[in-house]
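One structure is given below, encoded as structure tokens.
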Amino acid sequence: MPFKVRTTLYSLALALGFFQNIITIFTAVSDGFAPYMHIFAGIGAGWALLTWVWTSVLLSYNNRPFSSHGLVRSFTHFVSFVILTIGWFGLAIMLGTQFPLQCDFKRDSDGLAPVVWCPLGGTSFGISILLCISCFGAATVVYLAAIRTSAGLSINVAYADKLDSSA
């Protein structure tokens with residue numbers, strides 16, 4: 001069971017990271033009312049790129065139970081997703097502080113606030129929250145599968161599933 005859940009959460013983080021990469025690039029280049037949105041969205045685009053590239057690497061090492069490579073260790077997967085969770089939590093706060101400013105419909109604008117700025121800001125914020133949740137879930141699943149073994153987080157991430165399912 002942990003293999004399917006882990007693969008699903010990794011795939012979700014990969015897909016959301018790719019989508020967030022595209023959305024935050026558009027958010028960064030769009031002009032709006034929020035003074036720091038372009039900076040935070042630029043940081044988000046870089047973090048999203050790192051997220052989906054690194055998650056795809058981890059996903060490729062997700063099911064190699066007899067490998068001794070460093071990328072198959074539960075510790076590597078756990079720490080990677082903890083770092084991604086912390087990063088997405090911080091970016092959710094950053095984007096969340098700027099997103100309401102993008103939706104100021106009472107202010108004079110060129111008419112793009114309700115159709116471009118607000119939806120892009122809200123989507124960037126929402127996806128960053130979903131990425132935080134999915135990365136946290138992936139870290140939790142890896143940790144719970146590894147902690148049940150005597151080797152702890154030093155065990156191969158796929159081998160921990162085999163030991164967990166046989167118990």
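The values are calculated or read from the model by the stated rules, or taken from the named source; none is laboratory data. Since this is a predicted model, take the numbers as computed values, not measurements. Glycine gets a Cβ as well: all are built from the backbone with ideal geometry, and neighbour counts include every protein chain shown. For the accessible areas, the whole protein counts, side chains as well, though only heavy atoms, and no ligand, DNA or RNA atoms are used. Shrake-Rupley method; radii C 1.70, N 1.55, O 1.52, S 1.80 Å.
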Seminar exercise, completed: At the level of C-alpha centres, the distance separating the range 127-152 and the range 44-60, in angstrom, is 16 Å
Problem set entry | Helix 74-102 axis, angle to the chain major axis (alpha carbon atoms, nearest 10°) | 10 degrees
Exercise. Helix 157-166 versus the longest principal axis of the chain: what is the Cα-based angle in degrees, 0 to 90, to the nearest 10?
Worked result: 60 degrees
Problem set entry | Among SER80, SER60, SER128, residue whose mean-square fluctuation peaks in a GNM of the chain (springs only between Cα atoms under 10 Å) | SER60
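Please list, by residue number, every one of the chymotrypsin sites (Phe, Trp or Tyr not before Pro) in the range 28-80 that is coil in DSSP and has at most 14 other beta-carbon atoms within 10 Å.
Loop-located and lightly packed - TYR36, PHE66.
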Exercise. VAL29: accessible area at probe 1.4 Å, nearest 10 Å²?
Worked result: 110 Å²
Seminar exercise, completed: Residues meeting the amide H criterion for ARG73 (H placed from the backbone, H to H distance under 5 Å, 5 or more places apart or on another chain) are VAL157
Problem set entry | In degrees, nearest ten, helix 2-29 long axis to first principal axis of the chain (Cα) | 20 degrees
Exercise. Hey, in the GNM for the chain with a 10 angstrom Cα cutoff, which one of ALA139, ALA34, ALA151 fluctuates hardest?
Worked result: ALA151
Seminar exercise, completed: Expressed in nanometres to one decimal, the distance between label points 7 Å along Cα→Cβ at THR7 and ILE22 is 2.5 nm
Seminar exercise, completed: In Å², rounded to a whole number, the accessible area per residue of the chain with probe 1.4 Å is 50 Å²
Problem set entry | For the chain, Cys with no neighbouring Cys Cβ under 4.7 Å | CYS132, CYS135
